[in-house]
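J.: Here it is: the structure, laid out below.
The values are calculated or read from the model by the stated rules, or taken from the named source; none is laboratory data. Note that the coordinates shown come from a computational prediction; the quantities given were computed from them, not determined experimentally. Virtual Cβ from ideal backbone geometry, glycine too; neighbours counted across all protein chains shown.
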Amino acid sequence: MSQLNELKLDNMSMNMIAGWMHNGNVIMVEQMPILGGYIGGVEETAICDVATTLTSFVLMNASFHLDGPIHIRWGTTTTRETMKIAGHAAAALDAHTDLLIANQYYSLAGPCTEMCLTEIAAQSMLDTASGRELVSGCAAAKGVTDDFTTGMEARMLGEVAMATAGMSVDKVNDMIELLVKDYERRYQTAPQGKRFQDCYDVRSVRPTHEYLEVYHGVRERLSELGLRLR
Amino acid sequence: MEVADRPLTVYDAYMRSTEGPKLAESHWDAKVVPEGVACMKEKYDIRFGSEFIPVDRDLKERLFLAGMELLVTTGIYNTDTRRVIKVTESEIMEGIKKAPRKLQLGEYRDAVFMEPRKGNASQKPVIQGGPTGSTVSEDIFIPMIQSYAQEAAVDTVVNGVMATIGGVPSTANTPFEIKATLAEIRGMREACNRAGRPYMAI
């Protein structure tokens, strides 16, 4: 169930929550505050993000909150600005509550590209090191075109999270900076990548050799930067 | 800070949204929220440096307090009743206390647990794989979801939106939306079964 932008909800959301609450369901409430929208810049959006997260638990009986600060120009969660919002909001909530918080992934580049996997790796490091309890993804190529998502992006998300857990936050900040600096200069020419049908043998559900090679290349780069991938 | 009589529920939220201050949605969007946020930014001196994750304890505390006070001073707007739901600080604290601290996602050997990690703990977060609401063609829905469920790093799966059902677009607020949603759920479960993880949370 999603709140509305910004600091809004509607009757339908409350009706659905009432049903789930009485069924004893796990209730996830999401909200993706928009950077550059009504509330303005990075700090403003982070303040709103904290308020929105609290709303999920205080008024909507959430079991956990799914965040996703999104950039109004690029429609992604992996930009420098939106990651700062998510990182600060999560760290503030983590330091002062035991609330269960999550974040979701919208990358600019699409499947089977080095840029897509690098965007995901950067955000996975961010969410893990800022104390989030769940990471959810990935809507590659901004999640707006049919079939531009595959399991390989989730493999990167998971493997990077595992390698990041326990690292010093200072080290993580430095590594994210290097990764973001590399891909943010390519926003205008970000590759859309390939459809699931072109990334996998659909019948056997095995990724193509090409995608495995791209994945291997990004893994190598992350290892060179100091990430201990298993 | 006054003492709350009990934590709020979604029923309290609804009742307050029938009684709270009434105002136009455009006024909420363009004036109330932006001005409220700007006021909190100023009051708590919220300024970020170059880092993505703050290490300054004081900044983390000020940001938390700014967010909480924003919720108290502005509230939440119900777009149907066009009224504002107000909450107090003590009600927020009760809501935080009442929130679950441990969730089981999935069942049997496919179950995983979601618990507070506290900072960058060595315990990894739960990994939820899936298209995250992206649209997926009907004919490849199951293999695509299987591509997530079969990954060793993935703990739970999140669905995509089935673009059509029986070739008809699954347009919101039509019967086909419901039909497609039910097909998504069946497809998700089938994909988990094919991956050998039948009780994975979806």
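J.: Which condition number does B:Val32 fail, the rest of (1) at the interface with chain A (Cβ under 8 Å from one of its Cβ atoms); (2) of a type in the set (A, V, I, L, M); (3) surrounded by 16 or more Cβ atoms within 10 Å (Cβ to Cβ) being met?
T.: Going through the list (1) at the interface with chain A (Cβ under 8 Å from one of its Cβ atoms); (2) of a type in the set (A, V, I, L, M); (3) surrounded by 16 or more Cβ atoms within 10 Å (Cβ to Cβ), B:Val32 breaks only (1).
J.: Looking at this structure, is B:Thr79 at pLDDT 95 or above, facing chain A (nearest Cβ under 9 Å) and touching a Gly at 6+ places or on another chain (Cβ under 7 Å)?
T.: no
J.: Being closer than 11 Å to A:Cys48 by Cα and at the interface with another protein chain (Cβ under 8 Å from one of its Cβ atoms) is the filter here, so list the residues in segment B:53-73 that pass it.
T.: Hits for segment B:53-73 are B:Leu63, B:Phe64, B:Ala66, B:Gly67, B:Met68, B:Leu70, B:Leu71.
Residues checked against (1) more than 9 Å from chain B (Cβ to nearest Cβ); (2) surrounded by 24 or more Cβ atoms within 10 Å (Cβ to Cβ); (3) in contact (Cβ under 8 Å) with a residue 60 or more places away in the chain:
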{"residue": "A:Val26", "(1), (2), (3)": "no, no, no"}
{"residue": "A:Gly36", "(1), (2), (3)": "yes, no, no"}
{"residue": "A:Ala46", "(1), (2), (3)": "no, yes, no"}
{"residue": "A:Pro69", "(1), (2), (3)": "yes, yes, no"}
{"residue": "A:Ala92", "(1), (2), (3)": "no, yes, no"}
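J.: Quick one: in segment B:110-144, which of the residues that are of a type in the set (A, V, I, L, M) and in a helix (DSSP H, G or I) is surrounded by the most Cβ atoms within 10 Å (Cβ to Cβ)?
T.: B:Met144
J.: Also, quick follow-up: Could you please find all residues in segment A:124-142 being surrounded by 24 or more Cβ atoms within 10 Å (Cβ to Cβ) and more than 11 Å from A:Thr164 (Cα to Cα)?
T.: Within segment A:124-142, A:Arg132, A:Glu133, A:Leu134, A:Val135, A:Ser136, A:Gly137, A:Cys138, A:Ala139, A:Ala140, A:Ala141 meet the criteria.
Table: residues versus (1) in a helix (DSSP H, G or I); (2) buried (at least 17 other Cβ atoms within 10 Å of the Cβ).
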residue	(1), (2)
A:Val160	yes, yes
A:Ala163	yes, yes
A:Asp170	yes, no
A:Met175	yes, yes
A:Leu178	yes, no
A:Tyr183	yes, yes
A:Gly193	no, yes
A:Arg203	no, no
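J.: So, one more: Out of curiosity, is B:Asn159 modelled with pLDDT under 95 and either surrounded by 21 or more Cβ atoms within 10 Å (Cβ to Cβ) or in a helix (DSSP H, G or I) (or both)?
T.: yes
J.: Among the residues of segment A:96-115, which ones are hydrophobic (A, V, I, L, M, F, W, C), surrounded by 24 or more Cβ atoms within 10 Å (Cβ to Cβ) and assigned to a strand (DSSP E or B)?
T.: Across segment A:96-115, the qualifying residue is only A:Ile101.
J.: Let me ask another. Considering segment A:71-90 alone, what residues qualify as being within 9 Å of another protein chain (Cβ to nearest Cβ), in contact (Cβ under 8 Å) with a residue 60 or more places away in the chain and in contact with a Phe, Trp or Tyr (Cβ under 7 Å, 6 or more places away or on another chain)?
T.: A:Met83
J.: Could you list all residues from segment A:5-17 that are within 9 Å of another protein chain (Cβ to nearest Cβ) and either farther than 16 Å from A:Val58 by Cβ or not small (Gly, Ala, Ser) (or both)?
T.: Those that are within 9 Å of another protein chain (Cβ to nearest Cβ) and either farther than 16 Å from A:Val58 by Cβ or not small (Gly, Ala, Ser) (or both): A:Asn5, A:Glu6, A:Leu7, A:Lys8, A:Leu9, A:Asp10, A:Asn11, A:Met12, A:Met14, A:Asn15, A:Ile17.
J.: Scanning for something within 24 Å of A:Asn5 (Cβ to Cβ) and crowded, with 16+ Cβ neighbours inside 10 Å, does segment B:54-61 turn up at least one residue?
T.: no
J.: Right, something else. Would you mind stating whether A:Val42 is β-branched (Val, Ile, Thr) and more than 27 Å from A:Tyr183 (Cα to Cα)?
T.: Taking the combined requirement at face value, the residue does not satisfy it.
J.: Does segment B:132-155 hold any residues that are out of contact with any helix residue (DSSP H, G or I) (no Cβ under 7 Å at 6 or more places or on another chain) and either more than 8 Å from every other protein chain (Cβ to nearest Cβ) or not polar (S, T, N, Q) (or both), and which are they?
T.: Selection gives B:Glu138, B:Asp139, B:Pro143, B:Ala152, B:Asp155.
J.: Give me the residue from segment B:5-29 that is more than 9 Å from chain A (Cβ to nearest Cβ) and farther than 19 Å from B:Thr88 by Cα and, out of that set, surrounded by the fewest Cβ atoms within 10 Å (Cβ to Cβ).
T.: This residue is B:Ser26.
J.: Among the numbered criteria (1) touching a strand residue (DSSP E or B) at 6+ places or on another chain (Cβ under 9 Å); (2) farther than 24 Å from A:Lys84 by Cα, which single criterion is violated by B:Asp29?
T.: Failing condition for B:Asp29: (2).
J.: Within segment A:56-65, does at least one residue satisfy the condition of being surrounded by 24 or more Cβ atoms within 10 Å (Cβ to Cβ) and of a type in the set (Val, Ile, Thr)?
T.: Yes.
J.: Of the numbered conditions (1) at the interface with another protein chain (Cβ under 7 Å from one of its Cβ atoms); (2) part of a loop (DSSP other than H, G, I, E, B), B:Ser50 fails exactly one; give the number of that condition.
T.: Only one criterion in (1) at the interface with another protein chain (Cβ under 7 Å from one of its Cβ atoms); (2) part of a loop (DSSP other than H, G, I, E, B) is unmet by B:Ser50, namely (1).
J.: Same structure again: Hey, among B:Lys118, B:Lys102, which residue is within 10 Å of chain A (Cβ to nearest Cβ) and at positive phi?
T.: Unique residue meeting the criteria: B:Lys118.
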